[in-house]
Amino acid sequence: MSDNKKAMSENEKVISEDKEAISEDKKAISEDKKLVSEYREGVRDQESDTSANSPQMSELDKQFSQWQSAYKDATPSVDTGSLIKEIKSARFKLKLKGAVDLLLGLAVSVWCLTLVLFEPLSTYQLLLFTALAPIPAAFGVWGYRVRQKQWKAQTLDVHSMLSFKQTQLQQQLHYWKISLYGCAVLWCGLFVLAIFNVVMFNAYTLWGTQLVINSVVVYIVYRRYKKLNADLPSALKKIEDMK
C-alpha cells in the first residue's frame, strides 16, 4: 500500500508539472497573439499613413518627371560618332591649310628675293622688296604653327572634343584678323609704290591692276573676318550648351 501511495503521489506531481507547463504555454501563446495583434495594428497604421500621403507623393513624382523631361528637352544630345568625324575632318583641313600657308609664304618670299638678286631695280624698289621678302615667309610659318597647335590638341573624351571645336573657332577668327591686318598693311605699301610708279613712270595699267587685285583680296579677307566674328558667339554658346 505504501508503494502504491508513493507512486500515486509521484503521478500527481508529474500531472501538476504538466499542468504548469501547459499554463506557461498558454501564457506564451497569449503573448504571441498580443504581439501579432500589435503588429497588425502597426501595419494598418502604416497603410493608413501611406494612403494619406499617396496624393502628395504622386504630385511630387509628377513634378519630378516634369523636371526630368524639361531638362532633357533643354539639353542638346551629343552625337559622339558625328563629333569624332568632324574632329578628324577638322584636323585634316588644319594640316592642309597649314601646309598651304607655309608654301605660299615661302613662294612669295622667294619671288621677292629673286627680284632683288636677279632683276634690275631702282634703289627704292630694291629696299622695298628686301623689306617685304621675309614678311610672307614669317606669316606662313606663323599660320602653320597656329594650325599645328590645334591639330595636335588632345581629344580623349566628348568634353575635350567640344573644347577643341571651341578653340578651333577662336583661333580661326584670330587667324583671319591677323590676315586682315597683314593684307591691309601690304595694300598700303603697294598703294604708295603704285603712286610713285604712276607719277615717275606713268605705269598706270600695271600698278592700277595690282591695286585692284589686292583690293579684292583685302575685301574678301575683311568679309570673311566679319562673318566669323558675327557667328562666333552663337557657335560658342551652342557648344557650351552641349557640355
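The values are calculated or read from the model by the stated rules, or taken from the named source; none is laboratory data. These numbers were taken from a predicted model, which means no experiment stands behind them. Here Cβ is always computed from backbone atoms with ideal geometry, including for glycine, and neighbour counts include all displayed protein chains. Areas reflect the complete protein model, heavy atoms only, side chains present, ligands, DNA and RNA absent. Shrake-Rupley method; radii C 1.70, N 1.55, O 1.52, S 1.80 Å.
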- q = 0.17 Å⁻¹: log10 I(q)/I(0) that the Debye formula gives for region 83-155, counting C-alpha atoms only: -0.65
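Of all accessible surface on region 73-185 at a 1.4 Å probe, what whole percent is carbon and sulfur?
Values: 4740 of 7030 Å².
Its accessible area is 67 percent carbon and sulfur atoms.
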- Loop-only check: which trypsin sites (Lys or Arg not before Pro) in region 147-177 are DSSP coil with at most 11 other Cβ within 10 angstrom? LYS152
- For region 157-243, restrict the atom set to alpha-carbon positions and state the Rg and Dmax in Å. 19.3, 63
- Message: So with the 1.4 Å probe, I'd like the accessible area per residue for region 157-243, rounded to whole Å².
- Response: 64 Å²
